[in-house]
Amino acid sequence: MPENYEHYITKNIKAFYKRRLKAPILYLFFLVFLWVLFSLSAPLFPDSLGDTETLESAYREHIEYVSVELSDLNFTGYTQSLFGHVTGYYYYTMRQDECIIVLLSPNTCEQGLPSIDHASVFAKIVHGTENYEVLLNHLAQDLNWTENGIHNKVSQYFLSQPDYNLIGNTVLYALFFATACYALVCLILFIAYINFPLLSPTCQDLALFGNPKKLLEQAEEELATLPQLATEDMFITEHYFIETSVYGNAIVPIDEIIWIYKYSTLHKFFWYHFSISYTLHISANRHLYIQCPKNIKSDIDGIIDYLSEANHNILVGFSEENRLKVQETQGTPMHFEKFIAFLNKRV
């Protein structure tokens, strides 16, 4: 336990958010890694497939998602199905001297038009699999070609519009960018809290009871001069309860506390019970709730005893009676029961 408590609360607020910087930074680096590794920008910004560029050459250059203009498309008579539902229609067309197969979505081809004069599509270049080989063999029989002949004439790569999966990509990118924005906002806020601790939630909670800057200065001064009670990460001064742990920081005026109790947690691994930790719960006016987790029983008992002596109006211990008293004091704005009663009344 440190002997010098000069600016101790501010130092711990800074240290707390410095530790929390790691998570958003690592997550943002992880997203950048995924973006580069899987070329996630490709579906968003597909390459234009030139008239002279073959599907094979584009695929070998790691170009998968393309925007392409197609003309004179003819229906092969074959479809792609998934769980009995038709997901695509196979067409063929000529591009320069190359015959290619194009799998169009049902909406693009209007459920299998015999021919399409022109179509602008976003598609994925796919290397043919066994199903594609079966398709070519059936086409060879329909056209009275040999299997070798059709494999020499038709590209082993085809364009698939359903594989572009715009809806799936939209969900993926929405999740990707939403989490990236959240991590970035957290990073900016943590940096702000490190440089300006008064902006942190710990200090802003004091705005419920007065000027945060003045209350913080008073709490710092009382802690630095003469703390009344001190454990490893909880302190009591003349007017404040203070927590400075790795789980968070809190400053609560003792006069504003209305309920305190402890809650025990049994830690076990399978059937082996290896420890019990205690969490101190504090309810203060204006709906301020503080939890101080993973403390030892003697420390919490000492804090509870001291606070109950410093403020005789504090309710001690968890009970239904105390809960109802606190609820009566605090009120329950938009409480679930009131919301249901309001709905019933409207109905």
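Over region 255-302, calculate the relative contact order: mean separation of alpha carbon pairs under 8 Å at least 6 apart, over the residue count, as a percent.
34
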Completion exercise
The set of residues whose placed amide H lies less than 5 Å from the amide H of residue 315, leaving out same-chain residues fewer than 5 positions away, is 259, 260
Problem - Candidate residues 66, 134: accessible-area rank, largest first, probe 1.4 Å - result: 134, 66
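Going by average Cβ neighbours within 10 Å, how do the peptides 19-31, 187-199 rank, with the highest at the top? It would help to have the intermediate numbers written out before the result.
On the way: 19-31: 14.0, 187-199: 15.7.
Order by mean packing, descending: 187-199, 19-31.
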Fill in the blank from the handout: Between the Cα axis of helix 336-346 and the main Cα principal axis of the chain, the angle (0 to 90°, nearest 10) is 70
Exercise for the section: Would you kindly derive the ³J(HN,Hα) couplings of region 256-264 from the backbone phi angles with the Karplus curve 6.51 cos²θ - 1.76 cosθ + 1.60 (θ = phi - 60°), listing them in order in whole Hz, with x for Gly and Pro? Expected result: 8, 6, 10, 7, 9, 7, 10, 9, 9
Problem - Dipole of region 1-150, positive direction: furthest Cα of 93, 50, 135, with charges on the beta-carbon - result: 50
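Please report Rg over Rh for region 220-330, where both radii come from the alpha carbon positions and Rh follows the Kirkwood definition. Provide the component values of the computation, followed by the final result.
Working: Rg = 14.6 Å, Rh = 14.7 Å.
Taking Rh as the inverse mean 1/r over Cα pairs, Rg/Rh reads 0.99.
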Exercise for the section: May I ask for the distance between the Cα centers of region 196-248 and region 127-168, given as a whole number of Å? Expected result: 71
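Keeping all protein chains in place and using 1.4 angstrom, which order do 292, 181, 186 fall into by accessible surface area, from largest down? Before the final figure, lay out each step's value.
Working: 292 0, 181 80, 186 25 Å².
Ranking 292, 181, 186 by accessible area, largest first, yields 181, 186, 292.
Rounded to the nearest 5, what % of DSSP beta bridges with both residues in region 1-129 are antiparallel? All intermediate terms of the calculation are to be shown ahead of the outcome.
Numbers: 22 of 24 bridges.
Counting DSSP beta bridges with both partners in region 1-129, the antiparallel share is about 90 percent.
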Problem - For region 1-92: relative contact order, % (alpha-carbon pairs under 8 angstrom, 6 or more apart) - result: 15
Problem - Folded to 0 to 90 degrees: helix 8-20 orientation relative to the chain principal axis, Cα - result: 20
Fill in the blank from the handout: For residue 287, the accessible surface traced by a 1.4 Å probe with all protein chains present amounts, in square angstrom to the nearest 10, to 80
Handout entry: the chain, relative contact order in percent, only Cα pairs under 8 angstrom and at least six apart counted
Key = 14
Handout entry: Label assignment, percent of Cα pairs over 33 Å apart derived from the structure, set (i) 30; (ii) 57; (iii) 51
Key = (ii)
Handout entry: Value of [θ]222 nm, deg cm²/dmol, for the chain, DSSP H segments ≥ 4, -39500 (n - 2.57) each, nearest 500
Key = -13000 deg cm²/dmol
Fill in the blank from the handout: Phi angles of region 78-86, converted by Karplus (6.51 cos²θ - 1.76 cosθ + 1.60, θ = phi - 60°) into ³J(HN,Hα) in whole Hz with x for Gly and Pro, give 10, 10, 10, 10, 9, 6, x, 10, 6
Handout entry: With at most 15 other Cβ atoms within 10 Å, longest stretch of the chain clear of loop GluC sites (Glu not before Pro) (DSSP)
Key = 111-231
Exercise for the section: Sort 95, 323 from largest to smallest accessible area, using a 1.4 Å probe on the heavy atoms of the protein chains. Expected result: 323, 95
Handout entry: Of every Cα-Cα pair in region 34-186, the percent that sits beyond 20 Å
Key = 53
Completion exercise
Reported to the nearest 10 Å², residue 82 has, with a 1.4 Å probe, an accessible area equal to 100
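The values are calculated or read from the model by the stated rules, or taken from the named source; none is laboratory data. Bear in mind the structure is a predicted one, so any value in this text is a computation, not a measurement. Methodologically, a virtual Cβ is constructed for each residue, glycine included, from the backbone with ideal geometry; neighbour enumeration extends over all protein chains shown. Each accessible area value is taken on the protein alone, full model and side chains, heavy atoms only, with ligands, DNA and RNA left out. Shrake-Rupley method; radii C 1.70, N 1.55, O 1.52, S 1.80 Å.
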